[in-house]
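J.: Structure in structure tokens, see below.
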Amino acid sequence: MSAHLALKIGEQAKMAEIRFHNTMSGQTEPFVPLVPGEVRIYTCGPTVYDFAHVGNFRTFVFQDILRRYLKSKGFRVIQVMNLTDVDDRIIQKAAAAGLSIREYTDKYIQAFLDDRRALNLEPPEHIVRATDHIEDMVKLIQRLTEKGFTYTSDGSTYFRIAKFPSYGKLSKIDVAGMQTGARVDMDRYDKDNARDFALWKAPKPGESFWETPIGPGRPGWHIECSAMAMKYLGDTLDIHSGGVDLTFPHHENEIAESEGATGKQFARYWLHAEHLMVDHEKMSKSVGNFATLRELFSHGQKPSSVRFLLASVPYRSQLNFTPESLQGAASSVERLRNFASRLRTEKFPEGSSPAIPERAANAREEFEQGLADDLNTARALAAIFDLVRDINTAISRGEFHQGDVAPVLAAMDSFDAIFAVLKDDDAEKLRALGLGQDSAGPSDAEIDALVAERQGARKRRDFAASDRIRDQLAERGVILEDSRDGQVRWKRK
Ligand code: AMP
Ligand code: ZN
């Protein structure tokens, strides 16, 4: 083999390498799963005390891009997402509403699953409720107790962080000089309050609790994820992920609990999504600067615009959420949909040209390289928009032929396997959420049927009927475009 060829092969192998930024090492590293061909991912899910907001969905969209990408590379993905359906807020709110914890959270779990569908988030292989796994959590706490990692105080069980020397390795927190035995009962606290944390909390008067071998009470937040992650994915996971705010204390504590119990590495790659921001502040319930998907949709935003916006900025960059950015996302989706639909419906001159398939192959290559580079979605998207521009130019110059359609559509398909915005189904999505019945307009199937009816009228040369259908659709927000070859394309206004 010539040195030149060897170099080319070497370069190719390097280019195809998947690299992810690992919070644990602070480096962007080659991604190699523990078992070849299979990736086991744990993704921290929502606390279901209320509707999730768009900030939460930034992280969930990132996790969806991650799983879709790995699947597109041929990996078998096993993803677990937990639903935190017991915590301080849930207990208080359920009690105030006079409902059991399950009854109170059922509504928000259903809403979360519906919202996920609206954003085309693929269902994880396991979506699991914390309250279905109390026994697993108790057993894990018992294992930790046997190994001397815990102590009890006033009926609650705490993790003694001084017993776990590598405590702080993920968030790089310095625990030297910290007062031993100081405890924190809250699930959420900041680095300045690093303390022994509660694994099991004794019930307060009037609170719901579970009667268990370690006493009455309820689990702390962190033990939920350790127990459920290891139950479904084994002691060592390939990827653990969440938003950056989970790095400390949540993930740090999950590591202490899991590695304390097993003596093995808990997760090999830690991937954290940066926050969705509003005016330089993290979108959050506590600040009050949040919007739920339903609020956005009922104000006329489309599910595809929200998904596109959240997906388009690489997950390790903060994303500022503004009405203009959503508007920009809506136009980008429209541009891509129009392009794909043009390729599918327009008749181009017969034949093909070698330059176009080559151009499409380059775009796909660049798209792949962008994603392999720590899921750089902005770079991947730029490759697709460049392709759209070049092909539109080729079409207008008459340099694009019918035989060139397939390779360009194939490039659009590989884009859509990850971004999932090309299907024009926003109106149906909104209807499924019980929103925008009128403003959403007719469904795809209804439009297709009316278009076919109008084609029939035109064939019969019944132009009055044909015009009537066109006007009716226009009134309901659908525009028809008749192309020269007799085909009809439609789009929503
Ligand atoms: P929670 O329901 O608070 O446990 O959050 C669910 C997920 O949303 C976690 O992975 C959080 O890190 C993530 N999250 C919360 N707020 C934001 C935000 N503003 N931007 C991105 N992710 C967020
Ligand atoms: Zn978690």
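J.: When you go through Val138, Val80 one by one, which is the residue that is open to solvent by less than 20 Å² (accessible area, probe 1.4 Å) and closer than 24 Å to Asn56 by Cβ?
T.: Of Val138, Val80, the one residue that is open to solvent by less than 20 Å² (accessible area, probe 1.4 Å) and closer than 24 Å to Asn56 by Cβ is Val80.
J.: Across the stretch 31-47, what is the total count of residues that are touching a residue at least 40 places away in the same chain (Cβ under 8 Å) and farther than 27 Å from Ala130 by Cβ?
T.: Residues that pass the stated criteria total 1.
J.: So, of the residues in the stretch 182-197 that are away from ligand 1 (no atom under 16 Å from the Cβ) and of a type in the set (Lys, Arg), which turns out to be nearest to Val80 (Cα to Cα)?
T.: In this case the residue turns out to be Arg195.
J.: Also, I was wondering about something else. Scan the stretch 16-29 and tell me whether some residue there is assigned to a strand (DSSP E or B), more than 17 Å from Gln369 (Cα to Cα) and either within 16 Å of ligand 2 (Cβ to nearest atom) or of a type in the set (A, V, I, L, M) (or both).
T.: no
J.: Another question, then. Take Lys429 and tell me if it is open to solvent by 30 Å² or more (accessible area, probe 1.4 Å), in contact (Cβ under 8 Å) with a residue 60 or more places away in the chain and closer than 27 Å to Leu296 by Cβ.
T.: So Lys429 passes the test.
J.: Can you find a residue that is of a type outside the set (Gly, Ala, Ser), open to solvent by less than 40 Å² (accessible area, probe 1.4 Å), in contact (Cβ under 8 Å) with a residue 60 or more places away in the chain and within 21 Å of Leu296 (Cα to Cα) anywhere in the stretch 441-454?
T.: No: the stretch 441-454 contains no residue that is of a type outside the set (Gly, Ala, Ser), open to solvent by less than 40 Å² (accessible area, probe 1.4 Å), in contact (Cβ under 8 Å) with a residue 60 or more places away in the chain and within 21 Å of Leu296 (Cα to Cα).
J.: Take the residues in the stretch 198-233 that are open to solvent by 30 Å² or more (accessible area, probe 1.4 Å) and closer than 16 Å to Met81 by Cα; name whichever of them is nearest to ligand 1 (Cβ to nearest atom).
T.: Tyr232
J.: Can you tell me which residue is farthest from Ala96 (Cα to Cα) among those in the stretch 48-59 that are within 16 Å of ligand 2 (Cβ to nearest atom) and crowded, with 24+ Cβ neighbours inside 10 Å?
T.: Among residues in the stretch 48-59 that are within 16 Å of ligand 2 (Cβ to nearest atom) and crowded, with 24+ Cβ neighbours inside 10 Å, the one farthest from Ala96 (Cα to Cα) is Thr59.
J.: Condition first: of a type outside the set (Ser, Thr, Tyr), closer than 18 Å to Asp425 by Cβ and not in a loop (DSSP other than H, G, I, E, B). Can you find one or more residues in the stretch 313-324 that meet it?
T.: No: zero hits.
J.: Can you tell which of Gly98, Gly155 is in contact (Cβ under 8 Å) with a residue 12 or more places away in the chain and open to solvent by less than 70 Å² (accessible area, probe 1.4 Å)?
T.: Sole residue among the options that is in contact (Cβ under 8 Å) with a residue 12 or more places away in the chain and open to solvent by less than 70 Å² (accessible area, probe 1.4 Å): Gly155.
J.: Looking only at the stretch 279-304, how many residues end up being in contact with a Ser or Thr (Cβ under 8 Å, 6 or more places away or on another chain) and either within 9 Å of ligand 1 (Cβ to nearest atom) or among the hydroxyl-bearing types (Ser, Thr, Tyr) (or both)?
T.: Selection size over the stretch 279-304: 1.
J.: While we're here: Look through the stretch 234-278, keep the residues that are among the hydrophobic types (A, V, I, L, M, F, W, C) and open to solvent by 10 Å² or more (accessible area, probe 1.4 Å), and return whichever of them is nearest to Tyr167 (Cα to Cα).
T.: Top of the filtered list is Phe248.
J.: Taking the residues in the stretch 286-300 that are touching a helix residue (DSSP H, G or I) at 6+ places or on another chain (Cβ under 8 Å) and not in a strand (DSSP E or B) as candidates, determine which candidate is farthest from ligand 2 (Cβ to nearest atom).
T.: Gly300
J.: Only one of these conditions is not met by Pro30: (1) more than 14 Å from Asp238 (Cβ to Cβ); (2) modelled with pLDDT of 95 or more; (3) not β-branched (Val, Ile, Thr). Which number is it?
T.: Going through (1) more than 14 Å from Asp238 (Cβ to Cβ); (2) modelled with pLDDT of 95 or more; (3) not β-branched (Val, Ile, Thr) one by one, Pro30 breaks only (1).
J.: If you go through the stretch 63-96, how many residues are within 16 Å of the chain's Cα centre (by Cα) and away from ligand 2 (no atom under 15 Å from the Cβ)?
T.: Total satisfying the criteria: 11.
J.: Further question: Here's a check for you: in the stretch 475-493, which residue that is among the charged types (D, E, K, R) and outside any loop (DSSP other than H, G, I, E, B) is least open to solvent (accessible area, probe 1.4 Å)?
T.: Applying the filter and picking the extreme gives Arg492.
J.: Return the pairs, sorted by first residue and then second, in which the second residue is more than 9 Å from ligand 1 (Cβ to nearest atom) and assigned to a loop (DSSP other than H, G, I, E, B), the first residue lies in the stretch 280-298 and is in contact (Cβ under 8 Å) with a residue 40 or more places away in the chain and open to solvent by 50 Å² or more (accessible area, probe 1.4 Å), the beta carbons are less than 6 Å apart, and the residues are 6+ apart or on different chains.
T.: From residues that are in contact (Cβ under 8 Å) with a residue 40 or more places away in the chain and open to solvent by 50 Å² or more (accessible area, probe 1.4 Å), the pairs are Ser298/Leu435.
One line per residue, one yes/no per condition, for (1) within 30 Å of Ile41 (Cβ to Cβ); (2) of a type outside the set (Val, Ile, Thr):
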{"residue": "Asp154", "(1), (2)": "no, yes"}
{"residue": "Thr157", "(1), (2)": "yes, no"}
{"residue": "Tyr167", "(1), (2)": "yes, yes"}
{"residue": "Ser171", "(1), (2)": "yes, yes"}
{"residue": "Thr180", "(1), (2)": "no, no"}
{"residue": "Lys191", "(1), (2)": "yes, yes"}
{"residue": "Leu199", "(1), (2)": "yes, yes"}
{"residue": "Pro203", "(1), (2)": "no, yes"}
{"residue": "Ile223", "(1), (2)": "yes, no"}
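The values are calculated or read from the model by the stated rules, or taken from the named source; none is laboratory data. Owing to the predicted nature of the structure, the values given are computational and were not obtained by experimental measurement. Glycine gets a Cβ as well: all are built from the backbone with ideal geometry, and neighbour counts include every protein chain shown. These area figures cover heavy atoms from the full protein model, side chains too; ligands, DNA and RNA do not enter into them. Shrake-Rupley method; radii C 1.70, N 1.55, O 1.52, S 1.80 Å.
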